[in-house]
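The values are calculated or read from the model by the stated rules, or taken from the named source; none is laboratory data. As the structure is a computational prediction, the values presented were derived from the model and not from experiment. Cβ sites come from the backbone with ideal geometry, for glycine too, and all protein chains shown count toward neighbours.
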Amino acid sequence: MSATPIVSILQEQNVGRDVTVRGWVRTFRSRRFIALNDGSTIHNIQCVVDFEKTDESILKKITTGACIEVQGDLVKSQGAGQAVEVIAKNIIVHGESDPEKFPLQPKKHSLEFLREIAHLRPRTQTFGAVFRIRHYLSFAIHEYFHKRGFYNVHTPIITGSDAEGAGEMFRVTTMDAANPPKNEDGSINYREDFFEKEVNLTVSGQLEAELFALSLGKVYTFGPTFRAENSNTSRHLAEFWMIEPEVAFANLSDNMDLAEDFLRSIIRSAIANCADDLAFLSERLQNEEKQLPANERSAMSLMERLQFVADNGFRRVSYTEAIDILKNSKPNKKGKFQYPIENWGADLQSEHERFLVEKHFKCPVILFDYPANIKAFYMRLNEDGKTVRAMDVLFPGIGEIIGGSQREERFDVLRQKMADFNIPEEEMNWYLDTRRFGSCVHSGFGLGFERLVQFVTGMGNIRDVIPFPRTPGNCEF
Ligand code: ATP
Ligand code: MN
């Protein structure tokens with residue numbers, strides 16, 4: 001007999017039936033009550049054992065962490081806490097687990113400790129919830145674009161272009177690090193390397209996605225990206241997943257509409273599909289925050305925060321207006337910012353973004369029209385000659401969640417910008433070709449998938465929303 005997922009048993013509550021459940025033992029109380037979880041839901045099913053009729057050799061093996069199968073009758077539960085339970089008739093032990101050595105005890109563990117045993121943490125309620133939600137978000141993103149006529153493009157992971165992230169990239173090579181082939185002047189001879197040139201892991205699929213937008217109309221990428229930036233923050237990973245839509249004939253205002261509709265739709269879909277996991281995480285967060293002083297606790301619970309974003313529009317504010325607000329803000333005047341805002345042209349730090357979102361506007365904000373010299377070369381220059389059609393979407397607790405722009409579609413302007421940014425034209429001729437042959441207005445953005453998962457799950461550290469985080473000095477598993 002095949003097993004039934006616990007999620008279906010709990011939903012259907014078809015009492016009086018024979019059922020088989022398989023999963024991992026969370027707890028075994030009084031030699032009688034097994035809490036079993038199979039990953040299909042945050043909830044366990046209670047299996048009731050008659051220890052007088054069960055072999056001692058089996059009972060001994062029902063320990064936290066063991067993998068077992070229970071065949072029995074589904075009945076209305078006698079106890080409080082669950083509607084139905086399984087009266088066990090037969091128990092098969094698939095995999096024993098030494099209770100002395102199993103690191104996950106039925107008690108609360110710190111997230112830091114669980115990070116060290118990332119290979120076992122999906123067995124906990126918290127991480128089960130996080131990774132189920134991560135799946136639903138990924139699915140909802142593909143569905144969102146598919147339904148609106150976008151094509152998914154798989155842009156390269158190994159890239160021969162380093163225009164975007166010079167200095168922050170991971171090199172890919174098959175050369176012997178101890179003894180690389182050298183040129184006469186002593187420099188490394190990459191012509192002897194696998195690709196006969198220097199190549200890296202991609203930091204973004206945008207430039208390639210643009211080529212496809214100017215062919216297929218509306219496209220998006222959803223793939224891994226790599227940044228060798230040494231930023232040990234709760235929002236940066238060395239390997240993360242990015243979603244990058246790119247749309248022909250869309251200007252910056254269309255781009256903002258898309259970003260806002262997209263985020264709100266995905267969040268609505270999480271609320272609709274992940275109710276149990278979100279309720280669990282929301283309560284978890286409230287319990288965590290009880291330890292904080294009252295003025296540091298969130299004004300809204302996780303569920304309220306998600307609903308708020310789903311229901312309310314984002315504020316659109318120009319960079320220039322944001323600088324005015326920041327310059328005149330209390331924390332700036334009182335010297336509370338680590339990077340004080342003095343002049344127009346300053347790059348905004350996470351502390352400024354969070355002030356605007358959390359203290360000033362109290363809602364998600366889209367900042368647009370940034371100074372050209374703090375943004376990438378491909379962003380469209382405005383008529384003022386000093387700002388570009390860039391936009392960043394800022395979220396509470398996260399800061400920047402999306403970065404995007406209208407792209408410079410004019411050949412001459414783009415070529416000049418590349419020269420200004422010291423980008424060698426020969427290497428980017430393929431990119432310039434889109435502007436040589438049938439260019440048009442187009443726009444796109446990049447959403448860091450893990451930052452979205454962070455926002456939806458309320459997890460404070462980005463390392464806790466990706467199965468195996470890669471950060472400076474850490475590449476376990
Ligand atoms: P930040 O200023 O936060 O480092 P960025 O300006 O470098 O972000 P972009 O190059 O615009 O970011 O990348 C697009 C999106 O990718 C960002 O809005 C963010 O959501 C995400 N992102 C960027 N860097 C990382 C990282 N190291 N780890 C996880 N997500 C990231
Ligand atoms: Mn960055």
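For this structure, a couple of remarks:
- Residue tally, condition over 10 Å from the mean Cα position of the chain (by Cα), more than 14 Å from ligand 2 (Cβ to nearest atom) and either under 11 Å from residue 243 (Cα atoms) or outside the structural domain of residue 239 (by TED's automatic domain parsing) (or both), over region 445-460: 1
- Test: residue in region 189-196 that is part of a helix (DSSP H, G or I), acidic (Asp, Glu), surrounded by fewer than 18 Cβ atoms within 10 Å (Cβ to Cβ) and without any contact (Cβ under 8 Å) to a residue 40 or more places away in the chain: yes
- Count of residues meeting criterion [within 16 Å of ligand 1 (Cβ to nearest atom), over 21 Å from residue 216 (Cβ atoms) and at pLDDT 95 or above] in region 401-452: 8
Every residue, every condition in (1) at pLDDT 95 or above; (2) in the same structural domain as residue 422 (by TED's automatic domain parsing), yes or no:
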position	(1), (2)
63	yes, no
93	yes, no
100	no, no
131	yes, yes
134	yes, yes
149	yes, yes
152	yes, yes
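- Residue satisfying condition, being surrounded by 17 or more Cβ atoms within 10 Å (Cβ to Cβ), within 30 Å of residue 133 (Cα to Cα), touching a helix residue (DSSP H, G or I) at 6+ places or on another chain (Cβ under 7 Å) and assigned by TED's automatic domain parsing to the domain that holds residue 98, within set 25, 21: 21
- Residue count for region 275-331 under the criterion of being within 30 Å of residue 347 (Cβ to Cβ) and not in a helix (DSSP H, G or I): the result is 12.
- Top-ranked residue in region 422-444 [being assigned to a helix (DSSP H, G or I), loosely packed, with under 15 Cβ neighbours inside 10 Å and touching a residue at least 24 places away in the same chain (Cβ under 8 Å); ranked as farthest from ligand 2 (Cβ to nearest atom)]: 436
- Residue 358 meets the conditions (1) surrounded by fewer than 22 Cβ atoms within 10 Å (Cβ to Cβ); (2) outside any helix (DSSP H, G or I) in every case but one. The failed one is (2).
For (1) over 28 Å from residue 423 (Cβ atoms); (2) crowded, with 19+ Cβ neighbours inside 10 Å; (3) of a type in the set (S, T, N, Q), each residue gets a yes or a no:
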position: 326; (1), (2), (3): yes, yes, no
position: 330; (1), (2), (3): yes, no, no
position: 353; (1), (2), (3): no, yes, no
position: 366; (1), (2), (3): no, yes, no
position: 373; (1), (2), (3): no, no, yes
position: 376; (1), (2), (3): no, yes, no
position: 386; (1), (2), (3): no, no, no
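- For region 209-245, a tally of residues being away from ligand 1 (no atom under 13 Å from the Cβ) and in a strand (DSSP E or B) returns 3.
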